[in-house]
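The structure under discussion appears below in the form of C-alpha coordinates.
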Amino acid sequence: MRLKDKVALITGGASGLGQMDAELLAAEGARVVITDIDDKAGQILASTLNGLFLHHDVTSESDWQRVMNAVTEHYGGLDILVNNAGIVQVADIESTSLELYQRMNAVHNDGTFLGCRYAIEAMRERGGSIINMSSLTAIRGYPLVPSYAAAKGAVLALTHTVAVHCRQKGYPIRCNAVLPGPIATPLALTVIEDASGMGQPEDVAQMVLFLASDESKHVSGAQFVIDNAGSMVGGEA
Ligand code: NAD
(Lines give C-alpha, C1' and ligand atoms only; values in the text may rest on other atoms or scores of the structure.)
Protein backbone atom coordinates (compact mmCIF):
# COMPACT_ATOMS: atom_id res chain seq x y z
CA MET A 1 0.00 0.00 0.00
CA ARG A 2 2.59 2.53 -1.14
CA LEU A 3 -0.06 5.18 -1.89
CA LYS A 4 -2.42 4.62 1.00
CA ASP A 5 -4.99 7.44 1.25
CA LYS A 6 -3.39 9.49 -1.53
CA VAL A 7 -5.68 10.98 -4.16
CA ALA A 8 -4.51 10.47 -7.75
CA LEU A 9 -5.96 12.04 -10.89
CA ILE A 10 -5.08 10.36 -14.18
CA THR A 11 -6.04 12.14 -17.39
CA GLY A 12 -6.79 9.95 -20.39
CA GLY A 13 -7.23 7.19 -17.84
CA ALA A 14 -9.80 5.18 -19.78
CA SER A 15 -7.33 3.32 -22.03
CA GLY A 16 -3.78 2.07 -22.46
CA LEU A 17 -1.13 3.51 -20.17
CA GLY A 18 -3.57 5.62 -18.17
CA GLN A 19 -5.77 2.61 -17.48
CA MET A 20 -2.79 0.61 -16.23
CA ASP A 21 -1.64 3.56 -14.09
CA ALA A 22 -5.10 3.78 -12.54
CA GLU A 23 -5.17 0.04 -11.83
CA LEU A 24 -1.70 -0.03 -10.26
CA LEU A 25 -2.13 3.16 -8.23
CA ALA A 26 -5.49 1.92 -6.93
CA ALA A 27 -3.93 -1.45 -6.04
CA GLU A 28 -1.38 0.46 -3.96
CA GLY A 29 -4.08 2.21 -1.97
CA ALA A 30 -4.70 5.42 -3.91
CA ARG A 31 -8.17 6.83 -4.44
CA VAL A 32 -8.20 7.27 -8.19
CA VAL A 33 -9.94 9.87 -10.29
CA ILE A 34 -10.05 8.82 -13.92
CA THR A 35 -10.74 11.55 -16.43
CA ASP A 36 -11.19 11.17 -20.18
CA ILE A 37 -13.28 12.16 -23.18
CA ASP A 38 -14.28 8.47 -23.48
CA ASP A 39 -17.06 8.41 -20.90
CA LYS A 40 -18.15 4.82 -21.32
CA ALA A 41 -14.74 3.17 -20.87
CA GLY A 42 -13.82 5.61 -18.11
CA GLN A 43 -16.99 4.92 -16.13
CA ILE A 44 -16.57 1.15 -16.38
CA LEU A 45 -12.96 1.33 -15.19
CA ALA A 46 -13.73 3.73 -12.35
CA SER A 47 -16.50 1.48 -11.06
CA THR A 48 -14.18 -1.56 -11.01
CA LEU A 49 -11.58 0.43 -9.05
CA ASN A 50 -14.07 2.03 -6.69
CA GLY A 51 -12.89 5.37 -8.05
CA LEU A 52 -14.42 8.44 -9.62
CA PHE A 53 -14.84 9.14 -13.33
CA LEU A 54 -15.15 12.67 -14.66
CA HIS A 55 -15.62 13.73 -18.27
CA HIS A 56 -12.65 15.91 -19.10
CA ASP A 57 -11.19 17.34 -22.28
CA VAL A 58 -7.66 18.34 -21.21
CA THR A 59 -7.56 21.15 -23.79
CA SER A 60 -10.42 22.95 -22.02
CA GLU A 61 -9.58 25.26 -19.13
CA SER A 62 -13.18 25.25 -17.90
CA ASP A 63 -13.07 21.43 -17.81
CA TRP A 64 -9.93 21.60 -15.65
CA GLN A 65 -11.66 23.99 -13.26
CA ARG A 66 -14.73 21.75 -13.01
CA VAL A 67 -12.60 18.61 -12.52
CA MET A 68 -10.41 20.15 -9.81
CA ASN A 69 -13.47 21.46 -7.97
CA ALA A 70 -15.06 18.00 -8.10
CA VAL A 71 -11.89 16.33 -6.81
CA THR A 72 -11.72 18.75 -3.87
CA GLU A 73 -15.40 18.20 -3.16
CA HIS A 74 -15.13 14.39 -3.24
CA TYR A 75 -11.74 13.79 -1.67
CA GLY A 76 -10.69 17.08 -0.05
CA GLY A 77 -7.62 17.62 -2.23
CA LEU A 78 -5.16 16.14 -4.71
CA ASP A 79 -1.78 14.44 -4.12
CA ILE A 80 -0.86 13.00 -7.52
CA LEU A 81 -1.54 14.19 -11.07
CA VAL A 82 -0.62 12.06 -14.07
CA ASN A 83 -0.84 14.23 -17.20
CA ASN A 84 -1.32 11.28 -19.53
CA ALA A 85 -4.06 12.04 -22.09
CA GLY A 86 -2.79 11.85 -25.63
CA ILE A 87 -3.41 11.30 -29.32
CA VAL A 88 -1.20 10.53 -32.30
CA GLN A 89 -1.47 10.88 -36.06
CA VAL A 90 1.10 9.87 -38.62
CA ALA A 91 2.17 12.57 -41.10
CA ASP A 92 5.72 13.54 -41.98
CA ILE A 93 6.78 17.19 -41.84
CA GLU A 94 5.95 17.76 -45.52
CA SER A 95 2.40 16.53 -45.10
CA THR A 96 1.65 17.96 -41.65
CA SER A 97 -0.97 20.72 -41.76
CA LEU A 98 -0.89 23.62 -39.33
CA GLU A 99 -4.22 22.34 -38.00
CA LEU A 100 -2.73 18.93 -37.14
CA TYR A 101 0.33 20.56 -35.56
CA GLN A 102 -1.85 22.78 -33.41
CA ARG A 103 -4.17 19.93 -32.42
CA MET A 104 -1.22 17.84 -31.18
CA ASN A 105 0.08 20.83 -29.29
CA ALA A 106 -3.33 21.49 -27.75
CA VAL A 107 -3.80 17.99 -26.34
CA HIS A 108 -0.26 17.32 -25.15
CA ASN A 109 1.24 20.71 -24.41
CA ASP A 110 -1.77 22.89 -23.53
CA GLY A 111 -3.30 19.97 -21.63
CA THR A 112 -0.16 19.40 -19.57
CA PHE A 113 0.32 23.13 -19.01
CA LEU A 114 -3.23 23.48 -17.64
CA GLY A 115 -2.75 20.37 -15.53
CA CYS A 116 0.44 21.74 -13.98
CA ARG A 117 -1.15 25.14 -13.33
CA TYR A 118 -4.16 23.70 -11.53
CA ALA A 119 -2.20 21.00 -9.72
CA ILE A 120 0.23 23.56 -8.28
CA GLU A 121 -2.75 25.54 -7.03
CA ALA A 122 -4.20 22.43 -5.39
CA MET A 123 -0.91 21.08 -4.02
CA ARG A 124 0.91 24.26 -2.96
CA GLU A 125 0.23 23.70 0.73
CA ARG A 126 -0.25 19.94 1.07
CA GLY A 127 2.44 18.90 -1.42
CA GLY A 128 2.23 16.41 -4.25
CA SER A 129 3.69 14.77 -7.31
CA ILE A 130 3.06 15.72 -10.93
CA ILE A 131 3.98 13.14 -13.56
CA ASN A 132 4.00 14.25 -17.17
CA MET A 133 3.80 11.69 -19.94
CA SER A 134 6.34 12.82 -22.51
CA SER A 135 7.82 10.38 -25.04
CA LEU A 136 11.06 9.10 -26.48
CA THR A 137 10.06 11.09 -29.58
CA ALA A 138 10.89 14.25 -27.58
CA ILE A 139 14.60 13.49 -27.62
CA ARG A 140 15.10 11.30 -30.68
CA GLY A 141 14.05 11.97 -34.29
CA TYR A 142 10.86 10.19 -35.33
CA PRO A 143 10.14 11.57 -38.82
CA LEU A 144 6.62 10.14 -39.01
CA VAL A 145 5.26 12.11 -36.06
CA PRO A 146 6.82 15.61 -36.06
CA SER A 147 3.82 17.36 -34.50
CA TYR A 148 3.53 14.74 -31.76
CA ALA A 149 7.29 14.83 -31.09
CA ALA A 150 7.39 18.62 -30.89
CA ALA A 151 4.49 18.67 -28.43
CA LYS A 152 6.19 16.01 -26.29
CA GLY A 153 9.40 18.08 -26.35
CA ALA A 154 7.42 20.99 -24.96
CA VAL A 155 6.01 18.74 -22.23
CA LEU A 156 9.57 17.81 -21.24
CA ALA A 157 10.73 21.45 -21.07
CA LEU A 158 7.63 22.41 -19.11
CA THR A 159 8.36 19.61 -16.62
CA HIS A 160 11.81 21.02 -15.90
CA THR A 161 10.52 24.55 -15.37
CA VAL A 162 7.68 23.42 -13.10
CA ALA A 163 10.08 21.37 -10.98
CA VAL A 164 12.51 24.27 -10.52
CA HIS A 165 9.70 26.76 -9.89
CA CYS A 166 8.23 24.61 -7.12
CA ARG A 167 11.61 24.05 -5.50
CA GLN A 168 12.47 27.77 -5.61
CA LYS A 169 9.10 28.71 -4.16
CA GLY A 170 9.44 26.12 -1.42
CA TYR A 171 6.33 24.23 -2.53
CA PRO A 172 6.58 20.54 -1.60
CA ILE A 173 5.62 19.56 -5.15
CA ARG A 174 7.75 17.35 -7.40
CA CYS A 175 7.39 17.23 -11.18
CA ASN A 176 8.93 14.56 -13.41
CA ALA A 177 8.62 13.34 -16.98
CA VAL A 178 8.30 9.79 -18.26
CA LEU A 179 9.52 9.11 -21.81
CA PRO A 180 8.28 5.74 -23.04
CA GLY A 181 9.40 4.18 -26.28
CA PRO A 182 6.77 2.13 -28.10
CA ILE A 183 4.41 0.46 -25.62
CA ALA A 184 1.62 -1.88 -26.73
CA THR A 185 -1.51 0.29 -26.44
CA PRO A 186 -4.24 1.27 -28.92
CA LEU A 187 -2.33 4.53 -29.62
CA ALA A 188 0.99 2.86 -30.48
CA LEU A 189 -0.68 0.19 -32.59
CA THR A 190 -2.09 2.87 -34.91
CA VAL A 191 1.51 3.85 -35.73
CA ILE A 192 3.44 0.56 -35.50
CA GLU A 193 1.74 -2.68 -36.53
CA ASP A 194 4.27 -5.12 -35.08
CA ALA A 195 3.92 -5.13 -31.29
CA SER A 196 6.50 -7.87 -30.73
CA GLY A 197 9.33 -5.60 -29.53
CA MET A 198 7.17 -3.18 -27.58
CA GLY A 199 6.99 -2.71 -23.85
CA GLN A 200 3.82 -3.34 -21.87
CA PRO A 201 1.70 -0.71 -20.08
CA GLU A 202 2.83 -2.05 -16.70
CA ASP A 203 6.46 -1.22 -17.59
CA VAL A 204 5.47 2.44 -17.61
CA ALA A 205 3.00 2.21 -14.72
CA GLN A 206 5.72 0.91 -12.37
CA MET A 207 7.72 4.10 -13.00
CA VAL A 208 4.60 6.22 -12.50
CA LEU A 209 4.01 4.41 -9.20
CA PHE A 210 7.57 5.12 -8.04
CA LEU A 211 7.29 8.81 -8.97
CA ALA A 212 3.87 9.05 -7.29
CA SER A 213 5.10 7.48 -4.05
CA ASP A 214 7.17 9.03 -1.28
CA GLU A 215 10.02 6.68 -2.22
CA SER A 216 10.93 9.25 -4.90
CA LYS A 217 10.84 12.18 -2.44
CA HIS A 218 14.24 13.50 -3.68
CA VAL A 219 13.42 13.10 -7.37
CA SER A 220 12.15 16.14 -9.26
CA GLY A 221 12.88 17.73 -12.64
CA ALA A 222 14.02 14.35 -13.95
CA GLN A 223 13.20 12.42 -17.11
CA PHE A 224 12.91 8.66 -17.32
CA VAL A 225 13.22 6.79 -20.62
CA ILE A 226 11.32 3.49 -20.62
CA ASP A 227 12.44 1.55 -23.69
CA ASN A 228 14.71 -1.32 -22.61
CA ALA A 229 17.59 0.40 -24.47
CA GLY A 230 15.68 -0.05 -27.74
CA SER A 231 16.70 3.37 -29.05
CA MET A 232 20.34 2.68 -28.15
CA VAL A 233 20.50 -0.51 -30.18
CA GLY A 234 18.84 1.22 -33.11
CA GLY A 235 15.50 -0.58 -33.00
CA GLU A 236 12.11 1.04 -32.75
CA ALA A 237 11.47 -0.61 -29.41
P1 NAD B 1 -4.41 5.41 -25.65
O2 NAD B 1 -4.96 5.88 -26.94
O3 NAD B 1 -4.55 3.99 -25.28
O4 NAD B 1 -5.02 6.29 -24.45
C5 NAD B 1 -5.09 7.68 -24.54
C6 NAD B 1 -6.32 8.16 -23.79
O7 NAD B 1 -6.35 9.60 -23.84
C8 NAD B 1 -7.64 7.65 -24.40
O9 NAD B 1 -8.47 7.09 -23.42
C10 NAD B 1 -8.25 8.91 -25.01
O11 NAD B 1 -9.68 8.90 -25.01
C12 NAD B 1 -7.69 9.99 -24.09
N13 NAD B 1 -7.72 11.33 -24.70
C14 NAD B 1 -7.40 11.68 -25.96
N15 NAD B 1 -7.60 12.99 -26.14
C16 NAD B 1 -8.03 13.49 -24.95
C17 NAD B 1 -8.40 14.78 -24.49
N18 NAD B 1 -8.38 15.86 -25.31
N19 NAD B 1 -8.77 14.92 -23.20
C20 NAD B 1 -8.82 13.85 -22.37
N21 NAD B 1 -8.52 12.59 -22.76
C22 NAD B 1 -8.13 12.43 -24.03
O23 NAD B 1 -2.88 5.86 -25.66
P24 NAD B 1 -1.64 5.48 -24.70
O25 NAD B 1 -0.63 4.82 -25.53
O26 NAD B 1 -2.12 4.89 -23.46
O27 NAD B 1 -1.09 6.95 -24.42
C28 NAD B 1 -1.06 7.54 -23.12
C29 NAD B 1 -0.01 8.63 -23.10
O30 NAD B 1 1.28 8.04 -23.25
C31 NAD B 1 -0.12 9.65 -24.23
O32 NAD B 1 0.21 10.94 -23.76
C33 NAD B 1 0.90 9.17 -25.22
O34 NAD B 1 1.34 10.20 -26.06
C35 NAD B 1 1.98 8.68 -24.28
N36 NAD B 1 2.94 7.76 -24.88
C37 NAD B 1 2.52 6.56 -25.36
C38 NAD B 1 3.46 5.70 -25.92
C39 NAD B 1 3.07 4.36 -26.49
O40 NAD B 1 3.87 3.75 -27.20
N41 NAD B 1 1.89 3.85 -26.20
C42 NAD B 1 4.81 6.07 -25.99
C43 NAD B 1 5.20 7.31 -25.48
C44 NAD B 1 4.25 8.14 -24.92
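The values are calculated or read from the model by the stated rules, or taken from the named source; none is laboratory data. Predicted model only: the values in this text are computed from it and were never measured. All Cβ positions, glycine included, derive from the backbone under ideal geometry; neighbour counts span all protein chains shown. In case anyone asks, the SASA skips ligands and DNA or RNA and just uses the protein heavy atoms, side chains included. Shrake-Rupley method; radii C 1.70, N 1.55, O 1.52, S 1.80 Å.
Less than 17 Å apart at the alpha-carbon level, and either on another chain or at least 8 residues along: which aspartates and glutamates does that give for Lys4? List returned: Asp21, Glu23, Glu28, Asp79, Asp214, Glu215.
The alpha carbon convex hull volume per residue for the range 25-70 rounds to 66 Å³. Spherically averaged projected area of the convex hull of Cα atoms, the range 7-229: 11.6 nm². Measuring nothing but protein heavy atoms, the accessible surface of the chain at 1.4 Å probe radius is 51 percent carbon and sulfur.
Taking a straight Cα-Cα cut-off under 22 Å and skipping sequence neighbours fewer than 8 places away in the same chain, the lysines within cross-link reach of Lys6 are Lys217.
Using the rule -39500 (n - 2.57) for each DSSP H run of four or more residues, divided by the residues of the chain, the 222 nm mean residue ellipticity is -12500 deg cm²/dmol.
Taking DSSP loops as anything outside H, G, I, E and B, show the longest stretch in the chain free of GluC sites (Glu not before Pro) there with at most 12 other beta carbons within 10 Å.
Longest site-free region, per DSSP loop and neighbour criteria: 1-124.
The phi-based Karplus calculation (6.51 cos²θ - 1.76 cosθ + 1.60; θ = phi - 60°) puts the 3J(HN,Hα) values of the range 146-153 at x, 6, 5, 4, 5, 5, 5, x Hz, whole numbers, x for Gly and Pro. For Asn83, neighbours were defined as the other residues whose beta-carbon sits under 12 Å from its Cβ, and their charges (Lys and Arg +1, Asp and Glu -1) total 0.
What is the range 104-153's relative contact order, in percent, from Cα pairs under 8 angstrom and six or more apart in sequence? Relative CO of the range 104-153 lands at 50 percent. Accessible area per residue for the range 7-229, computed on protein heavy atoms with a 1.4 Å probe, is 44 Å².
Between Ala30 and Leu3, the built amide H atoms are under 5 Å apart, and every one of these is 5 or more places off in sequence or on another chain.
Counting only protein chain heavy atoms and rolling a 1.4 Å probe, the accessible areas of Ile139, Ile93, Ile87 rank, largest first, as Ile93, Ile139, Ile87.
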